[in-house]
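The values are calculated or read from the model by the stated rules, or taken from the named source; none is laboratory data. Since the structure is predicted, the reported quantities are computational estimates derived from the model, not experimental observations. Reconstructed Cβ throughout: ideal geometry from the backbone, glycine too, with neighbour counts over all protein chains shown. Accessible surface is based on the protein model in full, side chains and every heavy atom, while ligands, DNA and RNA are left aside. Shrake-Rupley method; radii C 1.70, N 1.55, O 1.52, S 1.80 Å.
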Amino acid sequence: MLAMRAMIVKEFRELARDRRTLGMLIVMPLLLLVIFGYAANFYVSSLKTAVVGPQAAQTATMLPPIFDVTVTEPAGTQADAETLLRDNKVDVAVVTGKTPLLALVNGSNLFAAQSAVAALNKAGNQVKTQVLYNPDLKTSWVMVPAIIGLILTFIGTIITSIGMVREREAGTLEQLAVMPIRPSRVILGKIAPYFLVAAIDMIIVTVLGILLFSVPFNGNPFTFALGAAIFLFVVLGLGVFISTVSQTAGQAIQTAFFFLLPQILLSGMIFPLEAMAAGVRWIGWLPFVVLTVMAVVVFTGATLRFRRDLAPGRPASPADAEPAATETVGTA
């Protein structure tokens with residue numbers, strides 16, 4: 001009994017010293033509680049809706065409460081409604097002036113589209129429903145693009161952080177301190193292979209998704225590549241930052257999962273963004289500009305942390321060494 005008691009006390013002391021693990025044990029359950037409490041909801045209770053056509057104002061007042069009418073255009077046409085859906089400004093667009101009414105649904109937002117179709121079907125023959133961009137509401141058309149983002153996140157965050165921490169454990173990272181290379185260039189050199197591997201994986205998954213699951217690619221390939229590159233730069237910088245605050249591979253994995261879990265749960269891949277609370281929903285809607293700012297901030301933070309790690313071992317510059325040499329000659 002005494003030996004077991006001593007072992008228990010020892011483990012508690014070890015846990016108290018490991019502040020990162022202790023923090024994970026306390027913070028992670030609270031984080032999961034907040035995320036699942038506000039974001040874990042498959043039911044979409046509000047759909048952004050546009051009503052266009054001659055009877056737009058009258059029709060808007062007759063729609064069920066689930067349809068949140070944000071746009072009313074009596075002079076609008078079906079083309080205007082399709083433009084609103086294409087620009088992702090609304091989830092549903094109702095075109096009046098025809099019998100029956102025409103309801104256009106944005107099928108790219110799978111969960112919202114399923115809720116919209118279910119609500120519109122209750123109207124019977126009064127409404128004709130047409131789903132755009134995903135007519136059959138196939139899950140693969142939504143999940144395959146999401147898996148591409150998941151692969152980029154996994155490679156950029158976990159694999160990068162573990163790889164750089166292993167170098168610190170092996171002692172090879174300290175060798176960079178004696179090399180006349182800026183920390184930013186060191187980081188770029190370190191993440192370049194991971195960037196290339198992630199890009200190849202992205203291309204493979206995209207092509208297989210198109211060939212095996214018939215997922216259409218109707219957008220601009222350049223815009224797709226630009227967004228993927230910026231996103232990958234963010235997660236790679238995050239992986240480098242995690243490696244600078246971790247001493248072992250185990251710590252890197254713990255910290256990486258701490259960042260990964262909210263990213264996955266709040267991305268809209270599992271739970272629909274439309275069903276999340278307003279305070280949580282905005283995290284999943286980030287345009288290119290905000291993503292670019294994140295890339296700059298994360299990469300700058302990683303560079304500063306990396307520079308601090310290398311600073312103690314860096315040799316003096318030639319300008320600093322010259323006065324010392326002169327003084328030695330004079331003394332001689």
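A few remarks follow.
- Taking each residue as 0.36 nm, the span from LEU211 to GLN55 lengthens on full extension beyond its C-alpha to C-alpha distance by 51.8 nm.
- Candidates per GluC sites (Glu not before Pro) in the stretch 120-183, loop by DSSP, up to 15 other Cβ within 10 Å: none
- LYS98 accessible area, assembled protein chains, probe 1.4 Å, Å²: 100
- Derived scalar couplings ³J(HN,Hα) [the stretch 250-256; Karplus, 6.51 cos²θ - 1.76 cosθ + 1.60; whole Hz; x for Gly, Pro]: x, 5, 5, 5, 4, 5, 4
- Accessible area (Å², 1.4 Å probe, nearest 10) - TYR133: 100
- Amide H to amide H distances under 5 Å link LYS128 with LEU101, LEU102, ALA103, where only residues 5 or more positions off or on other chains count and H is placed in the peptide plane.
- Taking the square roots of five times each eigenvalue of the Cα gyration tensor of the stretch 43-116, the equivalent ellipsoid has semi-axes of 18, 13, 10 Å, listed largest first.
- Take every DSSP beta bridge whose two residues both sit in the chain; close to 20 percent of them are antiparallel.
- Normalised by 2.2 N^0.38 Å, where N is the number of residues, the alpha-carbon radius of gyration of the stretch 4-94 equals 2.15.
- For the chain, Kirkwood radius (reciprocal of mean inverse C-alpha pair distance, Å): 23.9
- For the stretch 150-156, the Karplus equation 6.51 cos²θ - 1.76 cosθ + 1.60, evaluated at θ = phi - 60°, returns couplings of 5, 5, 4, 5, 5, 5, x Hz by residue, with Gly and Pro reported as x.
- Overall Cα dimensions of the stretch 170-224 - principal axes, largest extent first, Å: 52, 25, 7
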